[in-house]
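Before any comments, here is the structure.
The values are calculated or read from the model by the stated rules, or taken from the named source; none is laboratory data. Bear in mind the structure is a predicted one, so any value in this text is a computation, not a measurement. Cβ: placed from backbone, ideal geometry, glycine included. Neighbour counts: every protein chain shown.
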Amino acid sequence: MIRREIREKAFMFLFQLEFLKSDGTEQLAGFIEEYEIDQVSSEYFNTLVEGVTSHLSELDDSFIPFLKGWTKERLPRVDLTIIRLAAFEMLHVEDVPDNVAISEAVLLAKRFSTEESRSYINAVLGRLSREKDQVLQKIKEAKELKEKEQNELDQADQADQVEIEQIEKIETSKPDLEVQEEVQEETQK
């Protein structure tokens, strides 16, 4: 299976996920089997599906500034899925040039969407390509901020754990003190 076909299957699966109440894990194996996606092809298919689903908010943030006259919520789900898939390839798949990702997105729109959507998708992704360095910088900064916040949370959790352990030690040593006091009382009698 060539990448164009794999990309189309990934688009179809991601589009289905838009309507499911789950992450699609259960449906993934059935989809691969139903569409006879071989093992070699399934590697790239999984890269696309897992990449888009795991970077969803990052991908949305990358192209939302370029949605002139639209919001993400107003976009047809077909178009939204196509843009997300192309944005993932542009930002995270090094061996796919931006112009290829854009062309493939336009072909998907030609097959699954409208004439107007093709032009719009091309324009949005073209802007993303031109602003890619700034977008990648923002993604990097957001990741660093998230890691910093996570580290601070982890440190707070560690401090809490140390405090809990200290309290437990104090509480477990209380009976020893009580026993010592009883022994002292007994010896004083």
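Of note:
- Residue among 87, 142, 156 that alone is in a helix (DSSP H, G or I), touching a residue at least 40 places away in the same chain (Cβ under 8 Å), not assigned by TED's automatic domain parsing to the domain that holds residue 44 and not charged (D, E, K, R): 142
- In this entry, residue 176 is excluded by the filter for residues that are at pLDDT 90 or above, on the phi < 0 side of the Ramachandran plot and surrounded by fewer than 10 Cβ atoms within 10 Å (Cβ to Cβ).
Conditions tested, residue by residue: (1) buried (at least 24 other Cβ atoms within 10 Å of the Cβ); (2) within 16 Å of residue 49 (Cβ to Cβ).
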residue: 83; (1), (2): yes, yes
residue: 87; (1), (2): yes, yes
residue: 92; (1), (2): no, yes
residue: 99; (1), (2): no, no
residue: 104; (1), (2): no, yes
residue: 110; (1), (2): no, no
residue: 113; (1), (2): no, no
residue: 123; (1), (2): no, no
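- Boolean, residue 121 is closer than 20 Å to residue 57 by Cα, modelled with pLDDT of 95 or more, in the same structural domain as residue 16 (by TED's automatic domain parsing) and over 20 Å from the mean Cα position of the chain (by Cα): yes
- For the stretch 32-84, the tally of residues that are assigned to a helix (DSSP H, G or I), within 17 Å of the chain's Cα centre (by Cα) and over 19 Å from residue 4 (Cβ atoms) stands at 13.
- Residues in the stretch 67-113 that are of a type in the set (Phe, Trp, Tyr) and modelled with pLDDT under 95: 1 in all.
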